[in-house]
Every structure is written in C-alpha cells, then in structure tokens.
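The values are calculated or read from the model by the stated rules, or taken from the named source; none is laboratory data. Treat the numbers as computed from the prediction; the structure is a model and nothing was measured. Methodologically, a virtual Cβ is constructed for each residue, glycine included, from the backbone with ideal geometry; neighbour enumeration extends over all protein chains shown.
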Amino acid sequence: MRNALLNFTTLAATVGLAACSGGGGGSNSGGGIPPNSPPVITSATSVDVPENSTGTIYTATASDPDGDPVSYILLFDDDSTQFEFNGATGELSFRSPPNFEFPDDATGNNTYLISIRAIDGRGGQDTTPILINVTDVAETAETRRVVSGLNQPLFLAGIPGTDQVAVLQKSGEIRVVTPSTGAVETVNFLDTSASISTAGEGGLLGLAFSPDFENDRTFYLNVTNTSGDTEIRSYQMVTGSDTQADPATMDVILTVPQPFTNHNGGSISFDSNGYLLIPLGDGGSAGDPGDRAQDVNELLGKVLRIDVTGDDFPADNLRDYAIPSDNPFASGGGAPEIWAVGLRNPYRSSVDDTTGFLYLGDVGQDAVEEISRVDLSATSSSSDPINFGWPIKEGTADFRGSTTATLTPPIAEYTHADPSAPGSSVTGGFVYRGPVDDLIGRYVFGDFTSGNIWSIGLDEINDGQTLGLADFRDDNGIFTPDVGTVDNVSSFGLDESGNLYVVDYDGEVFVIERNP
C-alpha cells in the first residue's frame, strides 16, 4: 500500500511539472489564455461646472491595454442621485441644473462626490472618485409685471402644491393668478366680500396657509368683520381642488374689538413650532389714545401667538385656540395670547424660516418709520415680553410717557423729514432666499406712499443697534419693471419657489426674476 501511494504522488508531481513546462517554448505557447489587464480610467478626477449648467458636464474615459471594449458604471453614494449617467458613453449630467445658492450635495458646499467604475467585460475594472465643483455665476435680474387691473390688491402668497399665487383684494376676493402667463382665474379662490367691512384701513388683510396644508387643507385669514373688528378665520379647501376654498367651512378663531377703523395690522404667519403669529395695531386714531399698546391686558398693539390646533376656551365662541405654554403670560399677569408689546401699526410682517426671526414693518405716527424683529426661537419664561416701545418711543425718538421696562429698539428706521423724501408709511417685506444672487440674504422692504424699495444685508444687522437710511441699499433700480410703475407698495409676497413679488395698490403685481 505504501509503495502504491508513493508511485501516485510521484506521478502527480510529474504531470504537474509537465503541465507547467509546456513541453518547452514560450509561456503562451500550446494554446494557453493570456492574463487579462484591467482598464485604466484616464479622465480627470475633478471638474468645475458653472451653476445652471445643462447637458453633459463630464465624460469618463478609460484605456484598456488589451484593447477590450470598456463600459462604465456610476456607483451609488450620497450624491449620485443628483446625476444622469450613460454607461455606454461615460457622459454625466445633472438631473436638474445646479443652483450655487441652493446646493443639493450631501455636504451643502457645492462639491458633489461620485465614483465611476470602468469595466472590460472580462472581470477587469478600475474605480476612481470624481469631484464635481459647482461654481457661482454672477446673475442679473429683472422685474416683470405679472398682472394689472386687480382691485386694490393687499397681499400675495404662493398656493402650496401649485405654481400659482393667491392675491388678496381689499374688497374681500382672493384671486388666483398664474405668474408665468399673468392669467387670472375667473373663479375666485374665495369671496369674503359679503362678510367683511372695508371702512378705513379694514378689509381682507392677511393670509397664512397651515404648516400641514398638504394634509389638513386649511388656511387662515385676517379680516375686518362687518362690526369693524379684527377677525381671524380658518377655511378648508373644496375636496380635490387646489384653487377653491369652501366658504361653508369658515370657523372664527379669534375676534379682537377695534375702537377705530385704522391701525389693524394685517399679516399673519406661522412660526417653526406651528403657532400662529398675529401682529395687531394699537386700535387706531392717533397717538394711541387708549394707551393700549403698553397695556398687557389688551390684545391691541401686540404680537399675539396662539395654537390653532387646540382649544383652551371651549365655552367661548370667539376664542377657538390654545395658549402656547411658553408665552410670557401663559400662567397669568397679562393676556395669555401676548408674545410682544409696544406696536403702533405692524401692517406687514414675515417670518424668515431659515433664521427663526419675525420681521415687522411698524408704521409710524408723524416722524419715524421702523423695522423691528424678534427671535422666535428664543422662548420666554418670564412675565416681561419683548417691548418695542410705542407710544413711549416712535422708532428711537421719544414720543410720550415713560416706562421702567426694557425697550427693544428697531433694527432700522427712516424719518419723514429726511430731505431725500424716503416716504411716510413703511411696508415690511421678506428676507430673500430666492434665485437672484444680488438679493440673497437681504431683508427687502419698501414704503407705501413713495414706492421706494430698499434692502439690508442680514450681516449688517445687530440687535440693539438701529440702522438709518444711509445704511439701506436703494433697490429701486432692480425693481424697475418692464411695464407699469411701482408706486404704492401695499405688500411683498413669496411664491412656492421663493420668488419675490411686489404688490401695488393700484392693481399691479410684479415679480423679480433671475435672467437666464
């Protein structure tokens, strides 16, 4: 048995050596298959691409030592979903044109990292990372008239889930406008004209869509009811419609008695917690004769903050809401709805969702127009709400009376007496986050009486310090429209894409757009 195993081992070794030797000659003789050499990627490992680029931005190339045909694979990683890739040609393109100001890469710094693999079909491959660097392009802007002939438009907001906007008319109708064409729907979004008063500064003043509009299909209005009082209402949409509300769904959320027909405020907004913010004027007349703005038991002259998803007052038909627990007077000492005090007529306001600030344009008495802001991310656990000072102060100027409370000065102001005639009725605007480079990160606002439009860079604002007219950038040039005239700025507005609109009281609506 032992000899048999020895003979078998020797035979196997002999056969193996013969196979290796190939009987003499070259190593590939006798029909052996040559080893495969993998392809090598030869294209660049990084490329700079100007923003807004379309079409092919990069082409992968590779050489194969054996002359085999090569194809390509875009490997899956954090940024690969932003691209279209042709595996046969190696051509790479963005799924949608990149925007330098709003990067979609995983790190948010306009550097897209992908990996491409070259394969030769015989198991050979080469993989390399590719950096796609999107570069900024200096863009110009133009202001285009969207529509004219509206009836005293006061506000505009994008309709969620659509490319259309809702325009509020003082008389009570909400019109649906398609900005790309200027077409106005013949059927109104809603008509409240039979249930409101337009006396003085009253009418249909403000609109805010629910933060959960996609599911609850609810929006909120600020109107002056037929008694002349401020009324916050909710409505729901007609089932299956994006552009028609159901008037039968109206619910009165809050009613605030108004002693006069002016200083109603107007805008309403939601903060990041889903609470509704309602800036109200001091009740009207002149000089706050009832001292309401500083009275913490009065709702007038305040920013109110309420939870419209609850009801802490089930027995009160005029108070269909709950009180956020971090409101300054949630536990007593004043009206629990109050968030800030000391306002004269905060006609137009807006929330910058990026920073969590509420910006207020507070119309002055006879001398000073002011812009104020409040950090909505800062909760209050004390009974000392933010106090903007009216009527003790008009802007930074003394008006009448005194207080021991700490007053918050405006972040910006301008005076009626300035020789450049800036105006006499501020219209608060928005922090711009849209596609026009020159406006991004700037707070844009204007004046109703003069039609002037200015902006202030957020990096120029320091809370506790007040900027003056000399610190404003005059933006009348870029807001000069192709047709029509901006002369009575009743409001600014945003659509769902972040485009900024100017609403003019004489019936026109304008949009500022980036030139292609």
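When D242 is tested against (1) over 18 Å from P259 (Cβ atoms); (2) surrounded by 22 or more Cβ atoms within 10 Å (Cβ to Cβ), exactly one condition is not met: (2). I'd like the full set of residues that are among the hydroxyl-bearing types (S, T, Y) and either surrounded by fewer than 18 Cβ atoms within 10 Å (Cβ to Cβ) or in a loop (DSSP other than H, G, I, E, B) (or both), limited to region 94-121. Hits for region 94-121 are S96, T107, T111, S115.
Mind checking whether some residue in region 415-423 is farther than 30 Å from E51 by Cα and in a strand (DSSP E or B)? Within region 415-423, one or more residues are farther than 30 Å from E51 by Cα and in a strand (DSSP E or B).
Would you confirm, using the coordinates I've provided, whether R473 is within 20 Å of the chain's Cα centre (by Cα) and modelled with pLDDT of 95 or more? When the stated conditions are applied, R473 does not pass them.
Check every one of the strands (runs of 3 or more DSSP E) wholly within region 127-217 and list those with 1 or more residues that are hydrophobic (A, V, I, L, M, F, W, C), modelled with pLDDT under 95 and under 30 Å from D78 (Cα atoms).
Values: elements: 141-147, 153-158, 165-169, 173-178, 204-209.
In region 127-217, no matching strands (runs of 3 or more DSSP E) lie anywhere.
For L221, state whether it is buried (at least 19 other Cβ atoms within 10 Å of the Cβ) and assigned to a strand (DSSP E or B). For L221, the condition - buried (at least 19 other Cβ atoms within 10 Å of the Cβ) and assigned to a strand (DSSP E or B) - is met.
Of the residues V256, V252, only one is among the aliphatic types (A, V, I, L, M), surrounded by fewer than 17 Cβ atoms within 10 Å (Cβ to Cβ) and touching an Asp or Glu at 6+ places or on another chain (Cβ under 8 Å); which? Before you say what the answer is, go through the steps one by one.
Numbers: V256 fails: surrounded by fewer than 17 Cβ atoms within 10 Å (Cβ to Cβ).
Unique residue meeting the criteria: V252.
Among the residues of region 20-69, the ones that are hydrophobic (A, V, I, L, M, F, W, C), assigned to a loop (DSSP other than H, G, I, E, B) and at pLDDT below 95 come to 1 in all.
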